[in-house]
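Asks: The structure that follows is given in the form of structure tokens.
The values are calculated or read from the model by the stated rules, or taken from the named source; none is laboratory data. Everything numeric here is computed off the predicted structure, so don't read it as measured data. Backbone-built Cβ (ideal geometry, glycine too); neighbour counts: all protein chains shown.
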Amino acid sequence: MNTPTPLTTDNLDPTTMSKTPKSIRGMHDVLPDDTPAWQRLEAALRDTAAAFGYEEIRMPIVEHTGLFARAIGEVTDIVEKEMYTFEDRNGDSLTLRPEGTAGCVRACLQHGLIHNQQRRLWYSGAMFRHERPQKGRYRQFHQFGVETFGVAGPELEVELIQMAASLWRRLGIADVRLEINTLGQPEARARHRQVLIEYLEAHSDQLDEEARRRLHENPLRVLDSKNPAMQPILEAAPKLIDYLDEESATDFEKACELLDTLGIPYRVNPRLVRGLDYYNKLVFEWVTESLGAQGTICAGGRYDGLVEQLGGRATPAAGFAIGIERLLLLAETPAETGRADLYVVVPEVARQGAALRLADTLRRTLAGRRVQCNLDGGSLKAQFRRADRSGAEMALIVEDEAGEQVSVKPLRGDGEQQTITADALGSLLAT
């Protein structure tokens, strides 16, 4: 077992010792000006999931490394290159979660959530991948995911697509398109795999180093390469859809018919294979041209074999995940007007108690209104500057120590200052 190195000033990163600490590259703070947009988007995600009958589940950020190697696949970019893996004090290999599905399945098995029953679950939180940061794609990023267990037919994948489509409508997102494909069952993939290997071997001199390395381990992933020089070869490669088993072909046809019935446009992309090994049958991605090369904002599909692969009984399952940072770049999120609706001004220290009591009463009686109270003294001029910076619509001036008289001063638009009783204030502000 490796003994952890004690943390001292001698082994800290020297670049952080002589200047103000900064966040790790690709891991960003969400500042107060930005959090309202996050909150609105998260509320829309929660409400959409609830409308389709999904329940929330929360999983740990750290899992045993073996969980992801077994679930995602050892010959994938995520496991080979991108996971944040470390050895803890007990010598166990642990990993910051790079995605949510594996941990969700582990939690369901551990707590008996999917034994002989259907489950519709959603989760949201931070994920971690060590990749090159770019627009909307970071090393600590946030995902919203849904997972459904116990439903076998293609109607499930279509409903998942329908759920995403309803979210785009709610958020006012129009610049997205749906791409779908089917990966079939393992037997069909095995037949296609052999033909694909033979084809790629015949063109090995035109493959890059990564493609040649994957050729025999995971040839389907070669088709997902973004190397421009390889595109003509990959376009002409044997297509998995031509080797489908009858059940997968029938399910895919039914899914297309249902999407047509719902009026959801789509494009069949035979090279859409997804980056995780656990998928089978229908897979899909919602993509956009507005975010540059990394245009996928939502991706998912069916993964019937994963529960059994992780030690459970064979269970049909499907789901999707949405990158929240990317969605924020696309969503119509109007700027927040400020952090307060009402600001209580305290002309002298003796009235502070009355001011705090007034603010508390307003928060309880005016549901949803944000009330901020001046707490650190200052001249009236300074307090009104604070009130203006808070974004408040009105300033409320406590006129006596008992808090019986309050002056109401509009801070936005027209209107004159008036003094009324505290008892009448609630009625005035409610109108």
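Asks: Considering (1) buried (at least 16 other Cβ atoms within 10 Å of the Cβ); (2) in contact (Cβ under 8 Å) with a residue 40 or more places away in the chain; (3) more than 19 Å from the chain's Cα centre (by Cα), say which one THR365 fails and leave the rest.
Replies: Every listed condition holds for THR365 apart from (1).
Asks: Something else about it: Does PHE252 count as closer than 19 Å to GLU155 by Cβ and out of contact with any Phe, Trp or Tyr (no Cβ under 8 Å at 6 or more places or on another chain)?
Replies: Yes, satisfied.
Asks: Something else about it: When the residues of segment 318-331 are narrowed to those that are in a strand (DSSP E or B) and touching a Cys at 6+ places or on another chain (Cβ under 9 Å), which ends up surrounded by the fewest Cβ atoms within 10 Å (Cβ to Cβ)?
Replies: That would be ALA321.
Asks: Go through segment 193-210 and give me each residue that's part of a helix (DSSP H, G or I) and out of contact with any Pro (no Cβ under 8 Å at 6 or more places or on another chain).
Replies: Selection gives GLN194, GLU198, GLU201, ALA202, SER204, ASP205, GLN206, GLU209, GLU210.
Asks: Here's something else I'd like to know. Examine segment 281-288 for a residue that is modelled with pLDDT of 90 or more, in contact with a Pro (Cβ under 7 Å, 6 or more places away or on another chain) and among the hydrophobic types (A, V, I, L, M, F, W, C), and state whether such a residue exists.
Replies: Yes, because at least one residue in segment 281-288 is modelled with pLDDT of 90 or more, in contact with a Pro (Cβ under 7 Å, 6 or more places away or on another chain) and among the hydrophobic types (A, V, I, L, M, F, W, C).
Asks: Any residue in segment 387-410 that's in contact (Cβ under 8 Å) with a residue 40 or more places away in the chain: show its pairings with residues that are crowded, with 22+ Cβ neighbours inside 10 Å and aromatic (Phe, Trp, Tyr) at Cβ separation under 8 Å, as long as the two are six or more apart or on different chains.
Replies: ALA387/TYR343; SER390/TYR343; ALA392/TYR343; MET394/TYR343; ALA395/TYR343; LEU396/TYR343
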